[in-house]
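> Have a look at the structure that comes next, please.
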Amino acid sequence: MNTVVSDWQVVSIIEEGELIGKVLWCICIDDSTCRFSKGDYICTSQILEVNTNTRIIKTASGSLYQLLGKGEKDEIEFKDFELLRNGFSPSQIHFMNSITGKYQH
């Protein structure tokens, strides 16, 4: 069982210049686990494995995500991680930080 996703990004979480971990941020296309509806955003637990041949990502929670289309890589600061978990994309987070300087949350 897995979840099929598009508009995906592998997001590096950085704190004080150090990589804490990587998560997948994406949009649900189909979910055989019935956790997500089509069009929902998903922010996963930490990525454990990436299979570039099958285009499947396995996360720390044991979930599998099938990647459709071309994805991107991005990074955010740990202080902004809760925004990512609450549905803001990395580009939206970067935009909020650019217009407010130090986005307070």
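The values are calculated or read from the model by the stated rules, or taken from the named source; none is laboratory data. Predicted model only: the values in this text are computed from it and were never measured. Cβ placement follows ideal geometry from the backbone for every residue including glycine, while neighbour counts extend to all protein chains displayed. Side chains are part of the model used for accessible areas, which takes the heavy atoms of the whole protein and leaves out ligands, DNA and RNA. Shrake-Rupley method; radii C 1.70, N 1.55, O 1.52, S 1.80 Å.
> Considering the stretch 51-105 alone, what residues qualify as being over 20 Å from Gly21 (Cα atoms), among the aliphatic types (A, V, I, L, M) and either open to solvent by less than 90 Å² (accessible area, probe 1.4 Å) or in contact with a Leu (Cβ under 8 Å, 6 or more places away or on another chain) (or both)?
Across the stretch 51-105, the qualifying residues are Leu68, Met96.
> Okay, next question. When you check Val5 against the structure, is it more than 12 Å from Ile57 (Cα to Cα), touching a Cys at 6+ places or on another chain (Cβ under 9 Å) and in contact (Cβ under 8 Å) with a residue 12 or more places away in the chain, yes or no?
So Val5 does not fit the description; no.
> Taking the stretch 6-20 as the region of interest, how many residues are open to solvent by less than 80 Å² (accessible area, probe 1.4 Å) and within 13 Å of the chain's Cα centre (by Cα)?
Qualifying residue count, the stretch 6-20: 7.
> Considering only residues of the stretch 21-36 that are open to solvent by 80 Å² or more (accessible area, probe 1.4 Å) and part of a strand (DSSP E or B), which is nearest to Gln66 (Cα to Cα)?
Asp30
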